1. Any residue in region 44-58 that is under 30 Å from Phe183 (Cα atoms) and in contact with a Lys or Arg (Cβ under 8 Å, 6 or more places away or on another chain)?
2. For Leu75, state whether it is under 20 Å from the mean Cα position of the chain (by Cα), open to solvent by less than 60 Å² (accessible area, probe 1.4 Å) and closer than 26 Å to Asp27 by Cβ.
3. What residue, of Lys95, Lys116, Lys74, is in contact with a Cys (Cβ under 6 Å, 6 or more places away or on another chain) and either assigned to a loop (DSSP other than H, G, I, E, B) or among the charged types (D, E, K, R) (or both)?
4. Would you confirm whether or not region 54-61 contains a residue that is without any contact (Cβ under 8 Å) to a residue 24 or more places away in the chain, farther than 27 Å from Leu157 by Cβ and part of a loop (DSSP other than H, G, I, E, B)?
5. Could you look through region 190-220, keep only residues that are at pLDDT below 90 and under 26 Å from the mean Cα position of the chain (by Cα), and pick out the one that is least open to solvent (accessible area, probe 1.4 Å)?
6. Which one of the conditions (1) modelled with pLDDT of 55 or more; (2) assigned to a helix (DSSP H, G or I); (3) within 29 Å of Gln182 (Cα to Cα) does Lys138 fail to meet, given that it meets all the rest?
7. Restricting attention to region 1-39, and to residues there that are polar (S, T, N, Q) and at pLDDT 95 or above, which single residue is most open to solvent (accessible area, probe 1.4 Å)?
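The values are calculated or read from the model by the stated rules, or taken from the named source; none is laboratory data. Note that the coordinates shown come from a computational prediction; the quantities given were computed from them, not determined experimentally. As a convention, Cβ positions derive from the backbone with ideal geometry for all residues, glycine included, and neighbour counts pool all protein chains shown. Only protein heavy atoms, including side chains, enter the accessible area calculation; ligands, DNA and RNA are left aside. Shrake-Rupley method; radii C 1.70, N 1.55, O 1.52, S 1.80 Å.
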Amino acid sequence: MNMVTKKAFGKPITYKGLSIYPVKMKDADEFYEAVQCLLLPKNDFQQPEIVRMSYLLFLLTMAQNEDGYILLEKLIALYRLVFKTEDIQISINEKGMVLITVNGISLHERDFDKIKTLISEQNLIDLEDEFIDPDTKKAIQEARAFMAKRKTKQADLEQQIIAYHCKSGLPYHEIEQLTLYQFHKGLIRMDYMVSSDAILNARYSGMVEFKNEHELPHWLSHIEEPKKNEDVIITKSAFDQQMKKLGLASS
């Protein structure tokens, strides 16, 4: 079973003999609280020594500051959740490398980065892009804030759960057992199906005409995964096309 199929069925992913389990809806609040330890903008710090650090060493360094121990508590809580074990230990070896031991298996700093990515993919968490420069990051954040003001406010998690129940008919106790991935992907598909039905009804009523019948949406049509930041970043070719439509030239 490949990675994509495992995510759809809510199966764990194996890494170095350890099973990494997707988080279920019943643990959503605990997960979103704990996963904050993976979302710190490490590269926002100006010190070169911090930028060069692995993320795990960065967390350990931050934990030495006042109240920083909370970060390690969040990390341990996160690992207990995804590995389904209480046997989590953090240590530093004689070479100064940070190790996380899970059920007796030692994970190095590079393993941590790989597991961090797996957790984000399993549970649809948008991680910090470590390779984006600060000025570009600031511009993207400003663009997102601007776009957010123009959009209708999205339902919060509580309202999403109720909407999922109302639309699917799935009992709440069964929604609790869905993984975060299954739940959110299910919402996206249901939203697409509702939109598809509305367009088809308009088509059959004569309100809308399609030159190409292949343009008609289908409830099982492929949904393109949005590229990161594509909602706020425009390519030069797309910009040139927009300029041409306006009768302006771009340099």
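1. Yes, that holds for at least one residue.
2. Numbers: under 20 Å from the mean Cα position of the chain (by Cα): yes; open to solvent by less than 60 Å² (accessible area, probe 1.4 Å): yes; closer than 26 Å to Asp27 by Cβ: yes.
So Leu75 fits the description; yes.
3. Numbers: Lys95 fails: in contact with a Cys (Cβ under 6 Å, 6 or more places away or on another chain); Lys116 fails: in contact with a Cys (Cβ under 6 Å, 6 or more places away or on another chain).
Among Lys95, Lys116, Lys74, only Lys74 is in contact with a Cys (Cβ under 6 Å, 6 or more places away or on another chain) and either assigned to a loop (DSSP other than H, G, I, E, B) or among the charged types (D, E, K, R) (or both).
4. no
5. The selected residue is Ser196.
6. Lys138 satisfies all of (1) modelled with pLDDT of 55 or more; (2) assigned to a helix (DSSP H, G or I); (3) within 29 Å of Gln182 (Cα to Cα) except (3).
7. Of everything passing the filter in region 1-39, Thr14 is most open to solvent (accessible area, probe 1.4 Å).
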